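Every read-out reported here was derived from the displayed coordinates using simple, explicitly stated rules and does not represent laboratory data. Since the structure is predicted, the reported quantities are computational estimates derived from the model, not experimental observations. Note that each Cβ is placed from the backbone with ideal geometry, even for glycine, and that neighbours are counted across all protein chains shown.
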Amino acid sequence: AQSVTQLGSHVSVSEGALVLLRCNYSSSVPPYLFWYVQYPNQGLQLLLKYTTGATLVKGINGFEAEFKKSETSFHLTKPSAHMSDAAEYFCAVIHDTGGFKTIFGAGTRLFVKA
Amino acid sequence: DTEVTQTPKHLVMGMTNKKSLKCEQHMGHRAMYWYKQKAKKPPELMFVYSYEKLSINESVPSRFSPECPNSSLLNLHLHALQPEDSALYLCASSQDRSAGVETQYFGPGTRLLVL
C-alpha cells in the first residue's frame, strides 16, 4: 500500500532563509508525487508534481522538489523564504491502481519569521 | 477558467436539517471529488465521480449523499448529520484518467458546523 510521511508537523524559518520540508513515500510501484499548499481558510493549490522524467521538478512560487528513488524521498525546497509562504503544506501520492485516490501526508505548517 | 467554485462558504445546520453543498467547474473536467478536512488534518477522500458516475465511495455514512447532475456540477446532500461531521468540505476536479495522472483543482471549501 502506498503512503506518505511528512517529517515535522511544524517548521519555522526566518525570512530569506532556506525552506526545506521533508516527505518520504512508500510505494510498491513507481509513484506519482505531489506537493500542495493550503493557505488559511482556503482550498488546496498544487505547487508541483512528479510523474516521470526529470527528477528535479520546479513549481510555482519558487518551490522545487527532487524525486530520489534510492531515498524514497520527495523533499520540497525554496532558496529564500517569504512571509507569504506561511501556510500548510501537504505531500501526496496518487494511488494509480485505484485511478483517482490521492493519499495525503499529515501536513507541515510553515512559519516564517520576520 | 481554472476555477472550482463552492457554495455556500459557510453553513450552520442542526442535526435534523437537510442541506446541500454545491460545487461547479467549467474546465471540461470529467472527474469530480468530495473531500472532508478536519482542523489540522489532511483532506480525506469521500467520493469520486468519473463521467458523472460514482467511481469511489470511501465507506462514507449514508447521511452524506453525493449527486452529479452533469459534468460541471457536483452536489453533496446532507441529512441528519452529527456534530463530529463539522469540518471543511472540499470539492476538486480533474481531467479524465485516460490523459494520465491529472492535477486536481480544489475549490475553497464549505466550512460546515453541525449543532
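Alpha-carbon geometry of chain A: the Rg and the Dmax are 13.5, 44 Å, given in that order. Tally Lys/Arg at +1 and Asp/Glu at -1 over every other residue whose Cβ is under 15 Å from the Cβ of residue B:8; what's the total? After counting each charged neighbour, the total is +4. Within the straight-line cut-off of under 18 Å between alpha carbons, the aspartates and glutamates reachable from residue B:36 are A:88, B:24, B:44, B:58, B:67, B:84, B:85, sequence neighbours fewer than 8 places apart in one chain being disregarded.
The ranking of B:16, B:5 by Cβ neighbour count inside 10 Å, starting from the fewest, reads B:16, B:5.
For the cross-link pairs A:69/A:101; B:9/B:40; A:69/A:113, the ones whose C-alpha atoms lie over 29 Å apart are A:69/A:113.
Per residue of B:30-40, what is the mean number of Cβ atoms on other protein chains within 10 angstrom of that residue's Cβ? Let's see the in-between values first.
Working: counts 0, 2, 1, 3, 0, 4, 0, 5, 0, 0, 5.
The shielding value for this peptide is 2.
Show me B:80-87, A:84-91 ranked by packing, highest mean number of other Cβ atoms within 10 Å first.
Values: B:80-87: 14.8, A:84-91: 20.2.
Ranking the peptides B:80-87, A:84-91 by packing returns A:84-91, B:80-87.
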